[in-house]
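Have a look at the structure below before the remarks.
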Ligand code: NVA
């Protein structure tokens, strides 16, 4: 059967069960949005992103799309049905009654926006004004899945107001040192306030009955509490990584590979008191291999640690970025079949192989991997 004929079933409980259907993003029309309260603290003073905004170049879009298309082809060759979002015109003024902003962002990273838990696809609140309308790119697909799978639940978290009250004014001035940043992060002093629930879907990792969520710049405690109330059958755990001066999205920090095995960014170590939860349930947390690159590609929001932003096709097969030789070796040493996929041209558009995808269907059901709570 051709992969395009795979019937629509929405079901995915974790990051590693056999993958049958996924969404892969697109680079078309992606913009670097003007600065806003949520993004300013992420852009260091010496970054090439500082002061730059507007559409990305046609050449960069073409190269990123070639890699996204290649990822699609490889997944299809592995029996996975792939659907793609519908980009909208991101380069336009947007606004709500509360604020106006000069452009949107794009739709390369579906992982940031849509959280699939079992038969539910949940649109995250998001925490950047420039990303408030990004869900629109996924609506055609989600509506189709809703029509085709009678068990599919299409949900949207309450849209946040994102007024100035949702952000700490002057959270970080330009001359703040990295040590001062790290000290603030270790105190869980982040740019977002607790004005309203906020979460980006890419701060969440799914482990069957347990959802592990990073508390940081893009997800606040009210967002985590909202997730717990929304999923009463799940156990939601907040985690922190004090070594990360920009805690935005969990998937270049903490990556489950299969039941019992997680790689953790050695510069963003899970604190001991949070580590014990995994250890008492028999999970091993191993330092991820060093990235092969000293710098991210130009005009990229993410760090070199996209090296660990891998996508599992099943618990024996992993897609990893082709130039990340150390990460490829480490995955090989764990016994995985490793599929190297060139992806660095797509990084500036919203991240790595995990970011650029979101699950629709993985075989398998909801398991309890943490009986000792
Ligand atoms: N904020 C993370 C990106 C996660 C995909 C990093 O830059 O490492």
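Brief remarks follow.
- Spacing of the modelled spin labels on residue 5 and residue 325, each 7 Å from Cα toward Cβ, amounts to 4.4 nm.
- Residue 333 versus residue 228: modelled label distance in nm, points set 7 Å from Cα along the beta carbon direction: 3.8 nm
- Distance from the Cα centroid of the stretch 125-145 to that of the stretch 256-335 is 28 Å (rounded to whole angstrom).
- Difference of contour (0.36 nm per residue) and Cα-Cα distance, residue 287 to residue 170: 38.7 nm
- Each residue in 1, 126 was given a count of other beta-carbon atoms within 10 angstrom of its own, and listing them fewest first yields 1, 126.
- Added length on full extension, which subtracts the Cα-Cα distance from 0.36 nm per residue, residue 294 to residue 363: 21.1 nm
- Whole-angstrom gap from the stretch 216-250 to the stretch 146-209, using each part's C-alpha centre: 8 Å
- Take the Kirkwood radius over Cα pairs of the chain, plug it into Stokes-Einstein at 37 °C and 0.692 mPa s, and you get 159 µm²/s for translational diffusion.
- With helices as the sole contributors, the chain gives -5500 deg cm²/dmol at 222 nm; each DSSP H run of n ≥ 4 counts as -39500 (n - 2.57), and the sum is divided by every residue.
- Calculated FRET efficiency for the pair residue 91/residue 186, C-beta based, R₀ 30 Å, to 0.05: 0.20
Every number here is computed from the coordinates shown, using simple stated rules; none is lab data. No experiment lies behind these values; they were computed from the predicted model shown. With ideal geometry, Cβ positions are generated from the backbone for all residues, glycine too; neighbour counts draw on all protein chains shown.
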